[in-house]
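Chemist: Handing you this structure, nothing more for now.
Please treat every number below as a calculation from the coordinates, not as lab data. Note that the structure is predicted; figures quoted are calculated from it, not measured. When we count neighbours, we look across all protein chains shown, and the Cβ atoms used for this are built from the backbone with ideal geometry, even at glycine.
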Amino acid sequence: MTSGRSFYITTPIYYPSDVPHIGHGYTTVAVDALARWHRQAGDDTWMLTGTDEHGQKMLRAAAANGVTPQEWVDKLVSESWFPLLETLDVANDDFIRTTQPRHEDRVQQFVQAIYDRGYIYAGEYEALYCVGCEEFKPEAEILDGTGPFEGLKVCAIHSKPLELLQEKNYFFKLSEFQDRLLDLYRSTPDFLRPDSARNEVISFVKQGLKDLSISRSAFDWGIKVPWDDTHVIYVWVDALLNYATAVGYGSDPEEFARRWPAYHVVGKDILRFHAVIWPAMLMAAGVDVPQGVFAHGWLLVGGEKMSKSKLTGIAPTEITDVFGSDAYRFYFLSAIPFGHDGSFSWEDLSARYQAELANGFGNLASRTIAMIGKYFDGVVPSSSEPAEADLAIRSTVADAARLADAAIERFRIDEAIDAIWTIVDALNGYITDNEPWALAKDPAQRERLGTVLYTCAEGLRALAVLLSPVMPESTAKLWAALGAAEALGELTSQPLREAGAWGQLPAGTETGALAPLFPRVEQPA
Ligand code: MSP
């Protein structure tokens, strides 16, 4: 079943020279949860992630390690970046590397196309460059160095000295796109989300845009400028194009028409590249601009943006080894309003794991399955005439499913989880109020007991479906224990937008055993 609606979503492509930390993992699981939701809702979904392998940063790191840049990136990608996707249980459809021929050839084609259309010219350039950012820095991000960097200009983001570069460069006429970009932001308010991101970009563009240097000649680790092989294409131009080359730009028009345009989810640090340069490049080539760009906030550790260069980096496996991949996904996606910064702490993670996953959702699942086992020999009982409390659960489920889907449309995964969690809370309250263990003692209440446990089991059916994009592993275990696979088919093929319709789990379904979904963990030291 497909809705026919195309949903193409991307993560940024990561610099493989850093080992993955929980900030990279955050973007990746957010995009994966959105993609899984749409896929399961029947949309024609495609999720892309990958690595950004050219540029001076990579060249220097390879030299420092005594290997060629290609050897260096091959090693990092296979040892660190592919495994990240497994660690976090990510179901991406493709992984692009900017050193692949499928990308390099099409980048040249694209750059040639905008050159032929008159948007590129040659000029002299002298400016301060940050290798960490791979960017010539604007005035506002240049600071006077202190301590060991006294007397030097440093990057506001990396706190490292900037390098003065003087070169002949090719320039892209970015300044010509100011009005068209402002029109785009005005006419399509959802192009940039959240509002804070949109406002920031609008005021930046209103101040005027400078033409962009898009080639470098001082080193050669990059894609050659097609009409001048003494230059390589600026790494950001090369990198942004991954979103188009991966889905057939320049090679497979049918596939490109099917997928493009994309939604891009990025950290706010790289918003301007995606909100200003990228749509202008596409306009210059006569290609549709993206559907939208969503900028999420930073993970803060000890109040600062977490980063490896500042030694606050935490590897995702440090969390998943203790709590599991579902808890990682749930924690970051529920605890931080998507679009805002969020502070990470082990205390907060452990507290939420215990309260929401182990005691909330996990315990609800365990006791429901256990009571069906004990009182009905593991067979889902039938429901008789519903009482008011039962009807209240049904409407909680219907409302939650509707609100969650609406929240996902707005990219607010945290709000979707909040909506879904009303089911967990309502069912736990329902069990406390209805005391199935007391009903079980009175044979005259047998029918009522059946209704109560059917309500719990059917509520769990809805929870498994709605939470599977966020917690694929534990919901699959719950699905198996409910016996739902036999009765209804695979969890991932349950239509998400119909999850709120009551009464899908048939009475008579045989349940199985369920080990605790979120077992007690040894606290990390
Ligand atoms: N290679 C460029 C992106 C090119 S996209 C065409 C790049 N790579 S990166 O490895 O530095 O990764 C940047 C992305 O990682 C950020 O945009 C963000 O999505 C994620 N994060 C890195 N550190 C982060 C935090 N501390 N917090 C949240 N996300 C962070 O830039």
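Chemist: Please arrange 320, 68 by counting, for each residue, the other beta carbons lying within 10 Å of its beta carbon, fewest first.
Modeler: 68, 320
Chemist: If you don't mind, another one. Kindly express, to the nearest 10 degrees and within the range 0 to 90, the angle between helix 446-467's C-alpha long axis and the longest C-alpha principal axis of the chain.
Modeler: Value to nearest ten degrees: 10.
Chemist: Under 17 Å between alpha carbons, and skipping anything fewer than 8 positions from residue 305 in its own chain: which lysines qualify?
Modeler: 160, 268
Chemist: Can you give the charge dipole size of the chain about its Cα centre, rounded to the nearest 20 debye, using +1 on the beta carbon of Lys and Arg and -1 on the beta carbon of Asp and Glu?
Modeler: Computed about the Cα centre, the dipole is about 300 debye.
Chemist: Using 1/(1 + (r/R0)^6) with R0 = 56 angstrom and r between the beta carbons of residue 175 and residue 504, what's the FRET efficiency to the nearest 0.05?
Modeler: Once the sixth-power term is evaluated, E becomes 0.45.
Chemist: May I pose another question? With a ≥ b ≥ c taken as the square roots of the eigenvalues of the C-alpha gyration tensor of the stretch 297-394, please select rounded if a/c is under 1.5 and otherwise prolate if a/b is larger than b/c or oblate if it is not?
Modeler: Prolate.
Chemist: Take every Cα-Cα pair in the stretch 74-126 and report what % of them are more than 16 Å apart.
Modeler: Beyond 16 Å sits 63 percent of the P(r) for the stretch 74-126.
Chemist: Out of the stretch 360-464, which trypsin sites (Lys or Arg not before Pro) are coil in DSSP terms and have no more than 10 other C-beta atoms within 10 Å?
Modeler: When the trypsin sites (Lys or Arg not before Pro) of the stretch 360-464 are filtered for loop state and at most 10 Cβ neighbours within 10 Å, 441 remain.
Chemist: Starting from the Cα coordinates of the chain, work out the convex hull volume and express it per residue in Å³.
Modeler: Cα convex hull per residue, to the nearest whole number: 157 Å³.
Chemist: What residues qualify as long-range amide H neighbours of residue 293, i.e. H under 5 Å apart, gap of 5 or more or another chain, H built at 1.01 Å from N?
Modeler: Those lying under 5 Å, H to H, from residue 293 are 192, 193, 264.
Chemist: Calculated FRET efficiency, residue 183 and residue 68, Cβ-Cβ r, R0 35 Å, to nearest 0.05?
Modeler: 0.15
Chemist: What would the Debye formula give as log10 I(q)/I(0) at q = 0.15, 0.20, 0.23 Å⁻¹ for the alpha-carbon point model of the stretch 1-111, no solvent?
Modeler: Calculated log10 I(q)/I(0) at the listed q: -0.71, -1.06, -1.23.
Chemist: Looking at the chain only, what percent of DSSP beta bridges run antiparallel? Nearest 5 please.
Modeler: 50
Chemist: Now, a different point. Report the extension gain between residue 102 and residue 75 in nm, rounded to one decimal, defined as 0.36 nm multiplied by the number of residues separating them, less their alpha carbon distance.
Modeler: Contour length minus the Cα-Cα distance gives 7.7 nm.
Chemist: Along the charge dipole of the chain, which of 290, 322, 368 sits closest to the positive end, that is, farthest toward it, with unit charges on the beta carbon of Lys, Arg, Asp and Glu (+1, +1, -1, -1)?
Modeler: 290
Chemist: Choose one of 279, 223, 452: the residue whose Cα lies farthest towards the positive end of the charge dipole of the chain (beta-carbon charges +1 Lys, Arg; -1 Asp, Glu; about the Cα centre).
Modeler: Of the candidates, 279 comes out farthest on the positive side.
Chemist: Moving to a separate point now. Taking R0 as 22 Å, what FRET efficiency do you get between residue 422 and residue 340 from their Cβ-Cβ distance, rounded to the nearest 0.05?
Modeler: That gives a FRET efficiency of 0.55.
Chemist: Another question, if that's okay. Which residues make up the longest stretch of the chain that has no GluC sites (Glu not before Pro) in a DSSP loop with at most 12 other Cβ atoms within 10 Å?
Modeler: Excluding the exposed sites themselves, the longest stretch runs over 151-489.
Chemist: Let me ask something else. Considering just Cα atoms, how many Å³ per residue does the convex hull of the stretch 101-150 enclose?
Modeler: Convex hull of Cα atoms, per residue: 136 Å³.
Chemist: Considering the chain, which cysteines have no disulfide-compatible partner, defined as another cysteine with its Cβ under 4.7 Å away?
Modeler: 456
Chemist: To test your reading of the geometry: what angle, between 0 and 90 degrees and rounded to tens, separates the Cα axis of helix 325-335 from the longest principal axis of the chain?
Modeler: 80
Chemist: Shifting gears a bit: Based on the Cα atoms of the stretch 346-498, what semi-axes does the equivalent ellipsoid have, where each is the square root of 5 times one gyration tensor eigenvalue, given in whole Å with the largest first?
Modeler: 26, 17, 16
Chemist: Here is a follow-up. Given points 7 Å out from each Cα along the Cα-Cβ axis, report the residue 150 to residue 406 separation in nanometres with one decimal.
Modeler: So the two model labels end up 6.1 nm from each other.
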